[in-house]
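Peer 1: Before I ask anything, here is the structure I am working with.
Bear in mind that the values in this text are calculations on the coordinates, not laboratory data. Treat the numbers as computed from the prediction; the structure is a model and nothing was measured. Note: ideal-geometry Cβ built from the backbone for every residue, glycine included; neighbour counts use all protein chains shown.
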Amino acid sequence: MSGSVNKVILVGNLGDDVKMHHFDESNCLGRFPIATNEFYTTRETGERVTQTEWHNIVTRNKLAELCGKYLSKGDTVYVEGKLKTRKWDDNGNTRYSTEIHASSIQFLSTKNSSGNNVAGKEGNFTASQSSVSVASEKTSDFDQEDDTDDLPF
């Protein structure tokens, strides 16, 4: 294989609200942590153990604006993106931070009480699209029983 792949898929819960950073009227960043949990039972004691891993998510522009508007601490999200590691010098110490730069985020939590939910459905937002769209329940034309179409065949 001559190429390589840098792709991350996560499903987790927001550990904090989205922090927005605006650079000018059209560019911004949104940052938030999500937690993923792994459960297992120990053989010795039969005790159920939970391991939580924290991930730093970075979104840009329209995707960041939508996340800032509709997401809050505790919400469940599906994130697709790529890993990026930043390196900087802090008083002579080299520091590193690994982040997931999101290209697509699907909102999995529903907002029944606050009314903030996008069109009453889960939202699916993709940064790579020229216009960000909201995914809704899709019904196939083949599943409908209506035979009143105007097709000549």
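Peer 1: Would you mind checking which residues have amide H under 5 Å from S103's amide H? H placed 1.01 Å from N; only 5 or more apart, or other chain.
Peer 2: Here the answer is E80, G81, K82, since their amide H atoms fall under 5 Å of that of S103.
Peer 1: With a cut-off of 8 Å between alpha carbons and a minimum separation of six or more residues, what is the relative contact order of segment 1-83 in percent?
Peer 2: Working: 151 pairs, mean separation 34.9, N = 83.
Once divided by the residue count of segment 1-83, the mean separation gives 42 percent.
Peer 1: Right, here's the next one. Pop out the ³J(HN,Hα) list for segment 69-74 in order, Karplus 6.51 cos²θ - 1.76 cosθ + 1.60 with θ = phi - 60°, rounded to Hz; leave Gly and Pro as x.
Peer 2: Values, residue by residue: 7, 10, 9, 8, 3, x Hz.
Peer 1: How large is the charge dipole for segment 47-113, taken about the Cα centre, if only the Cβ atoms of Lys, Arg (+1) and Asp, Glu (-1) carry charge, to the nearest 20 debye? Intermediate results must be reported in sequence, preceding the final value.
Peer 2: On the way: 11 positive and 8 negative charges, 47 e Å.
Magnitude of the dipole: close to 220 debye.
Peer 1: In whole Hz, what ³J(HN,Hα) sequence does segment 14-28 give by Karplus (6.51, -1.76, 1.60; θ = phi - 60°), x for Gly and Pro?
Peer 2: Result, rounded to whole Hz: 5, x, 7, 5, 6, 9, 9, 10, 9, 9, 7, 5, 10, 10, 8.
Peer 1: Sticking with this one: Once amide H atoms are built 1.01 Å from N in the peptide plane, which residues 5 or more positions from G15, or in another chain, come under 5 Å H to H?
Peer 2: Amide H neighbours of G15: I34, A35, G74.
Peer 1: I would also like to ask the following. For S109, list long-range residues whose amide hydrogen, built 1.01 Å from N in the peptide plane, is under 5 Å from its own amide hydrogen.
Peer 2: Answer set, sorted by chain and number: T76.
Peer 1: By the scheme Lys and Arg +1, Asp and Glu -1, what is the net charge of all other residues having a beta-carbon under 12 Å from that of V79? Provide the component values of the computation, followed by the final result.
Peer 2: Numbers: positive: K7, K82; negative: D75, E80, E99.
Spelling it out: positives minus negatives among the neighbours equals -1.
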